[in-house]
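Below: the structure, in structure tokens.
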Amino acid sequence: MVPLRKTISFSGLNNLKMAIKAESDNLHQDLISLIFIENEEKSEENFKLVIEFEMSTNKVKKWCCEGDYQHEKGEKATLSIEHKIKGGSLEAICHSIIDEIEKAYKLWAELK
């Protein structure tokens, strides 16, 4: 079977948290990554979250997020955060991941 990458668009932090919880309940066995992208098409300052899985076990390997924003000097900058996980299922570690992602999203929102 071909490894799957699933992309999900969201709008706002609450929608992102709900999407993560929904995906944690229905993971596909051959999934290697879930990609969540904020769908504000008008903005160049979008937030992106990627959760990567070990294909054979479906355990979370790592998650990373990034968000572009305008720096004070008018330059484009990127907030980038990455966490490696030691073998937990998304369902089991969903709440701790969401807490960390929420902090990153709020920091990015302050910067943009």
Exercise. Percent relative contact order of the range 31-112, based on C-alpha pairs within less than 8 angstrom and at least six residues apart?
Worked result: 24
Problem set entry | All aspartates and glutamates inside 14 Å of Lys103 as judged from Cα atoms, apart from same-chain residues fewer than 8 positions distant | Glu66, Glu82
For this session: Note down the net charge around Val60, summing +1 for each Lys or Arg and -1 for each Asp or Glu among other residues with Cβ under 13 Å from its Cβ.
Result: -1
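How about the range 59-99: which GluC sites (Glu not before Pro) there lie in a loop by DSSP and see at most 10 other Cβ atoms within 10 Å? Display every interim value, and only then the final one.
Values: sites: Glu66, Glu72, Glu75, Glu82, Glu91; in loops: Glu72, Glu75.
Those that pass, being in a loop and sparsely packed, are Glu72, Glu75.
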Seminar exercise, completed: In this structure, among Lys21/Lys84; Lys48/Lys84; Lys61/Lys112; Lys17/Lys76, pairs with alpha-carbon gaps over 25 Å are Lys61/Lys112; Lys17/Lys76
For this session: Please give the helix 90-111 orientation as an angle from the longest Cα principal axis of the chain, in degrees from 0 to 90, rounded to the nearest 10.
Result: 10
Problem set entry | Theoretical gain in end-to-end length, Glu54 to Glu110 [0.36 nm per residue, Cα-Cα removed] | 16.9 nm
For this session: Compute the Cα gyration tensor for the chain, then decide on rounded, prolate or oblate, letting a ≥ b ≥ c be the square roots of its eigenvalues: rounded whenever a/c is under 1.5, prolate when a/b is larger than b/c in the other cases, and oblate in all that remain.
Result: prolate
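Read-outs throughout are calculated quantities, based only on the coordinates presented, and are distinct from any laboratory measurement. Because the structure is predicted, anything quoted here is derived from the model rather than measured. Backbone-built Cβ (ideal geometry, glycine too); neighbour counts: all protein chains shown.
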